[in-house]
Amino acid sequence: MSKCVDCNLYNTCKSNKIDGVGSSNPDIMIVLDHPARVEDNFGRLIQGEIKKKLYYFLKKAGINPADVFFTSAIRCKPINPSDIKAKNINACRKYLLYDIKEVKPKIVIAMGKYAHWALTDKQSVREFRGHFDELSFNYGKKEIKVPIMPSFGVNASLGKWEYDDYIIHDLKKAKKFISQGLPKLKELPKFKTVLNLKDLAEFEETMMSKEVKWSTSDLETTGFKFFKDAPFMHGYCTNNDDIFVIPTLTYKKHHIKKWDKENIERGRVINRFVKEHRLKIMATIRRVNARKDIKWIFHNGKFDVNFARYHKVPYSDLSYDTLLADSLIDENKQHALNICMEYRGLDFGAYDSLNWQYVNKDEDKQKTYQNIPPLICERYLAIDVYGLKEMFPITVKELKADGLYDHFMQVKMKALKLMTGVEYKGVKGDRKLLSEINEILTEKINSLVKEAREYTKIEDFNMGSPQQLNKFFEAKNFPMEKLGIKQTKTGYSTSKEELEKFIKFKKWGVLPKIVIEYKKYTKLAGTYVEGKIGSDEDGGMLKHFDQNDRIHTNFNLWTPRTGRYSSNKPSLQVWPRPVKGLPNIRNIIIPTDENHMLFEADYRAVEQYVVALLSKDPVLTKRLQDGTDIHTYNAVELGKKLSTMPDEITYNMMLSMVKDLEETSLTEEEYLNYQKQAKEIAPDMDWKEKRTQAKTIGFGLNYGKGGHSYSEEFGITEDEAEEMIEAYFSIYKGMKKWRKEVIAEALNEGFITLPSGRRRRFHQATDWINSRYASDDSNESGLIWQANNLRQSIERQASNAPIQGGAHEVFEPAQIRVAKRFQKEGIKARIMLSIHDGIIGECLRTDAEKVSKILSEEMPVTFNKGTKSELTLDIDKDFYKWEWYGETVKI
DNA sequence: CGATCACGC
DNA sequence: ACGGCGTGATCG
């Protein structure tokens, strides 16, 4: 065949226009994105690692590869997949359609973004995967119709095992289609949109009836922040499938103008009704939501509950959350309602994603359902609340099957309710301090920019651009190779760590020093203070302030797969440590007023305790019991084992060198005596550095850090680093044994179990790893090597999960206990932030002593009480005179 | 929109 | 390739 020159790809690939391969009479046609490098080299599709993984997927789905025809949307290998443009897809489409016409598959599976794009013009896979559609086109005079289903690309799954489950799931659906035809979509029962007072009365009467034992609810809002956006549609579905949709906000002209006639009419009906009767509507909703004798079920209820509360139609409870439930059932999947439902056979088609075609992204900055024609939106909301109603009992059953139901109801749901209130109240921010810091930063940044431009003599020099830095380094012949500056895909790394390598040289150090400072300050300005310097819009923290200068962060109870919470918009779990020459940024969080004060309580070395408890390591247990400073102890033990410290040095000697007298249990005389001895034995030793190093080793090992990494960090050889790790584990033999057991469990069972029963699952990864090891590829060592990497990655995740997850499971109930005591004793105190192993809260100054007592009673935990291995986990607590991290007060 | 970088526990 | 879990800003 002649060479294809229809787009730019032909002159950079080895093999021109690679044809499809496979069965001539297939059930299934799989369309991939584009040939990979091996395939380009071979001149044939389905080679190398792609082949291994794809065949593995097919096997898992029960599909025989011999029954499949494989082809690709783009026929010439692109240099870089991200360079692919519409013109490449368009140039190749004719070949793809020809294949479909000739091969006549029963179904086409588009695996990957470009495959899906080429066939449907939809540029995203995520929202459409797993759903069938009809592909129809004319080829010559022939009209061709064939079902099509998109799924993720094999490429995407090569490094990220999280995609595997979706792909296998989708392929199984395709397999089922071959024998049974298209799946029957779930039908939506009749639902009622409330458009007049009669409907409203019917809604209330139904919702208030005795037949209703529980109801789901969902709000469509104009945005994500309850204090500035509003709900415009309220949805309900009772246990008896009574489905109601109630509009509560009028549509604006710019919403309506794009709709069709029918929807414009609907919009006008809604606008008239809402305009005239909004108060009545809200009053009705208020009475319904206030009903206490029924359960309220939500999907991400924190959001709905806070919106409803702010708009004075509060729900009486948040009884059950299917999103939170789903996150316990499979922490690896996304928890969007449509995905949750589709996975459980509650398939309404791609009902969600299809609606977004009505939203013009250029005109409507915000993706809000208020832009979508009301009839479509009403149906969408009805599906959500009805699907949610179906999901509720299913997830209950699933939680029970996994033994997680009690934990879910007793801990997770209570935590969710607590955090819902925490978000609602928010924290008070200090606008004044913010602008003070901003001024200082602006000045610093401007002067650094000036300095850099003078030094480089480049007018628009942007230090924030790695590319520009690279260019400058090259022009000035910076000794990149010689100093071993790390390479990235785009050039030499310009990270702080690499730049620091230049600093000691007079000739090279000037600019890197400026850049490091510049990066630090712009980061602070952009993220935490007022946003990008020179921009008029509120940025940084300021854009999160509400009308009362309160910041309502969003706490996610389901994102981290270990059970921890994360916080975003803004993230208040990532606060910069104090920076020299700058007011402490943490202090932009202040008490509500002068009658209040802030407090902080966090666990002391919680992860160490968890390791001791889970591993039952006797040495670690003993050290924790007798109050040893573990890092100091480790430093001494390691020093001796590795002969980097004189043998005569004792724990107490070192302790006296690294801690203040008050932090030890020594008398002053003992303390000074030990110090004297220490200085005599090792006059030049950097004691604190030794302790820090030991601390790093301990923490790093909990994260699965290896020899290579330590060797770089400490500037030692890899052998020395390995020796150091061995030395550490020779102190804690029990810890080593336990790690091995956890890893074996993860690889054999596909998951590890946390104390609560919660699991961290690795099935998709371990299945793939095992299949790779089982297959006979002794001559393909490269692939085994890949599997080996993945296995090591799973080992690190598995050995860390019990520690991180376990620590969280100590912390989470404690937080609930504290909040409960505040409530029970009627103390006006509340938790404001939850930061992994500690809380930050606020109370009346007059209540400080009571609060202190509660923290001390509710947070510390004693494990294995009355046994030899009894351990008491204690807290550190602080009360702040005014600001967080300001002057503390002893209470 | 992915890669890089910086920050927290 | 080489440290677990995250969020967010910036660049090209």
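The values are calculated or read from the model by the stated rules, or taken from the named source; none is laboratory data. Being a predicted model, the structure only gives us computed values, none of them experimental. In this analysis, Cβ positions are derived from the backbone assuming ideal geometry, glycine residues included, and neighbour counts consider all displayed protein chains.
Would you confirm whether any residue within the range A:789-807 is surrounded by fewer than 21 Cβ atoms within 10 Å (Cβ to Cβ), over 20 Å from residue A:704 (Cβ atoms) and more than 22 Å from the chain's Cα centre (by Cα)?
Looking for residues that are surrounded by fewer than 21 Cβ atoms within 10 Å (Cβ to Cβ), over 20 Å from residue A:704 (Cβ atoms) and more than 22 Å from the chain's Cα centre (by Cα), one finds none in the range A:789-807, hence no.
Checking the condition out of contact with any Gly (no Cβ under 6 Å at 6 or more places or on another chain) and either in a helix (DSSP H, G or I) or within 15 Å of DNA strand C (Cβ to nearest atom) (or both), which residue from A:669, A:722 passes?
The conditions single out A:669.
Every residue in the range A:448-464 that is surrounded by 12 or more Cβ atoms within 10 Å (Cβ to Cβ) and not acidic (Asp, Glu), please.
A:448, A:449, A:452, A:453, A:455, A:456, A:458, A:461, A:462, A:463, A:464
Please find, among A:842, A:812, the residue that is in a helix (DSSP H, G or I), modelled with pLDDT of 95 or more and over 30 Å from residue A:49 (Cβ atoms). Can you show your working first?
Numbers: A:842 fails: in a helix (DSSP H, G or I).
Every option except A:812 fails the conditions.
Is it the case that the range A:481-504 has a residue that's within 15 Å of DNA strand B (Cβ to nearest atom), part of a helix (DSSP H, G or I), free of Cβ contacts under 8 Å to residues at least 60 places away in the same chain and buried (at least 20 other Cβ atoms within 10 Å of the Cβ)?
yes
I'd like to verify a number: residues in the range A:46-60 that are of a type in the set (A, V, I, L, M, F, W, C) and surrounded by fewer than 17 Cβ atoms within 10 Å (Cβ to Cβ), how many?
0
Would you list the helices (runs of 4 or more DSSP H) that sit entirely within the range A:243-362 and hold 2 or more residues that are within 26 Å of the chain's Cα centre (by Cα) and closer than 30 Å to residue A:185 by Cα?
Of the helices (runs of 4 or more DSSP H) lying wholly inside the range A:243-362, those with at least 2 residues that are within 26 Å of the chain's Cα centre (by Cα) and closer than 30 Å to residue A:185 by Cα span A:301-310, A:322-329, A:337-343, A:351-355.
When you look at residue A:442, is it in a helix (DSSP H, G or I), of a type in the set (S, T, N, Q), surrounded by 14 or more Cβ atoms within 10 Å (Cβ to Cβ) and in contact (Cβ under 8 Å) with a residue 12 or more places away in the chain, yes or no?
Yes.
Can you tell me which residues in the range A:205-221 are surrounded by fewer than 17 Cβ atoms within 10 Å (Cβ to Cβ) and over 14 Å from residue A:293 (Cα atoms)?
If the condition is that a residue be surrounded by fewer than 17 Cβ atoms within 10 Å (Cβ to Cβ) and over 14 Å from residue A:293 (Cα atoms), then A:205 is the only one that fits.
So if I check each of A:705, A:695, A:679, A:640, which one is within 16 Å of DNA strand C (Cβ to nearest atom) and either in a loop (DSSP other than H, G, I, E, B) or over 40 Å from the mean Cα position of the chain (by Cα) (or both)?
After applying the criteria, what remains is A:705.
For residue A:628, which of the numbered conditions (1) within 15 Å of DNA strand B (Cβ to nearest atom); (2) in contact (Cβ under 8 Å) with a residue 12 or more places away in the chain; (3) among the β-branched types (Val, Ile, Thr); (4) in a loop (DSSP other than H, G, I, E, B) fails to hold?
Residue A:628 satisfies all of (1) within 15 Å of DNA strand B (Cβ to nearest atom); (2) in contact (Cβ under 8 Å) with a residue 12 or more places away in the chain; (3) among the β-branched types (Val, Ile, Thr); (4) in a loop (DSSP other than H, G, I, E, B) except (1).
Can you run down the residue pairs with Cβ atoms below 6 Å, 6 or more apart or on separate chains, where the first is in the range A:561-581 and more than 20 Å from residue A:550 (Cα to Cα) and the partner is basic (Lys, Arg) and assigned to a loop (DSSP other than H, G, I, E, B)?
Between residues of the range A:561-581 that are more than 20 Å from residue A:550 (Cα to Cα) and residues that are basic (Lys, Arg) and assigned to a loop (DSSP other than H, G, I, E, B), the close pairs are A:563/A:758.
Against the condition away from DNA strand C (no atom under 16 Å from the Cβ), touching a helix residue (DSSP H, G or I) at 6+ places or on another chain (Cβ under 7 Å) and within 19 Å of residue A:444 (Cβ to Cβ), how does residue A:503 come out, does it pass?
Working: away from DNA strand C (no atom under 16 Å from the Cβ): yes; touching a helix residue (DSSP H, G or I) at 6+ places or on another chain (Cβ under 7 Å): yes; within 19 Å of residue A:444 (Cβ to Cβ): yes.
So residue A:503 fits the description; yes.
Rundown of residues vs (1) in contact (Cβ under 8 Å) with a residue 60 or more places away in the chain; (2) more than 24 Å from residue A:342 (Cα to Cα), yes/no style:
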position	(1), (2)
A:164	yes, no
A:168	yes, no
A:172	yes, no
A:180	no, no
A:198	no, yes
A:220	yes, no
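Output the residues belonging to the range A:542-580 that are away from DNA strand B (no atom under 14 Å from the Cβ) and modelled with pLDDT under 90.
A:542, A:543
I'm trying to understand the selection: among the residues of the range A:824-863, which are closer than 20 Å to residue A:424 by Cα, among the small types (Gly, Ala, Ser) and away from DNA strand C (no atom under 16 Å from the Cβ)?
The answer is A:826, A:829, A:841.
Would you be able to say whether some residue in the range A:6-15 is modelled with pLDDT under 90, aliphatic (A, V, I, L, M), surrounded by fewer than 21 Cβ atoms within 10 Å (Cβ to Cβ) and on the phi < 0 side of the Ramachandran plot?
No, the range A:6-15 contains no residue that is modelled with pLDDT under 90, aliphatic (A, V, I, L, M), surrounded by fewer than 21 Cβ atoms within 10 Å (Cβ to Cβ) and on the phi < 0 side of the Ramachandran plot.
Conditions (1) within 16 Å of DNA strand C (Cβ to nearest atom); (2) within 27 Å of the chain's Cα centre (by Cα); (3) not basic (Lys, Arg), marked per residue:
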site: A:399; (1), (2), (3): no, yes, yes
site: A:420; (1), (2), (3): no, yes, yes
site: A:471; (1), (2), (3): yes, no, no
site: A:478; (1), (2), (3): no, no, yes
site: A:485; (1), (2), (3): yes, no, yes
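Hey, could you check the range A:71-129 for residues that are within 15 Å of residue A:28 (Cα to Cα) and polar (S, T, N, Q) and say which is nearest to DNA strand C (Cβ to nearest atom)?
A:72
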